[in-house]
Amino acid sequence: MAGTKTSARRAAARKPVAKSRTKPARTAAKRPATSVSKRAPQFFRVSHHSEDDFEGGLRRYAKYRDLGMAKATGGLVQAHVIRFVPPCRPEEVSKLHFHDVEFQMVYVLKGWIKTELEGQGVHVMRPGSAWLQPPKIKHKVLDYSDDAEVLEVILPADFETVELS
């Protein structure tokens with residue numbers, strides 16, 4: 001079916017919409033110049049687990065497995081599995097920092113991780129725990145288990161990390 005595009009949004013746009021006589025119609029907010037239609041096209045990507053895929057990255061105390069989403073989305077999304085390297089050394093991992101991102105979600109796959117987020121206190125996250133780190137929230141890792149592993153999804157794929165201490 002290459003070349004044919006059907007979308008529920010487009011089909012819904014063709015249906016007549018009844019306007020209320022009691023309330024004025026709202027005008028839609030204009031989208032920024034970098035709307036979805038202006039981005040590079042996305043393509044199918046699959047990433048199968050391989051121990052050989054874990055390599056160094058942002059932090060020395062972690063190994064990263066890139067899932068290939070940055071390339072597949074034209075830089076829109078970064079997704080990787082982070083495996084923390086034991087043993088945890090608080091003097092190295094407990095540095096306050098933030099990420100200049102639009103979106104950051106973390107999901108614990110294995111083990112546990114103890115983290116502190118500005119205004120949110122200290123939390124111990126275990127397998128199945130997920131959290132959203134709002135843009136530029138100051139945070140630090142306090143401790144983690146020897147088998148800690150998380151999935152992290154970030155927008156955009158290319159972002160800055162700012163260390164504060």
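Between amide H atoms placed 1.01 Å from N, distances below 5 Å from A148 occur with F84, W112, all of them 5 or more places distant or on a separate chain. Phi angles of segment 107-123 translate, via the Karplus equation with coefficients 6.51, -1.76, 1.60 and θ = phi - 60°, into HN-Hα couplings of 10, 7, 8, 9, x, 8, 9, 9, 9, 10, 10, 3, x, 10, x, 9, 9 Hz per residue; Gly and Pro are given as x.
Computed from the coordinates by the stated procedures, all read-outs in this text should not be read as laboratory data. Owing to the predicted nature of the structure, the values given are computational and were not obtained by experimental measurement.
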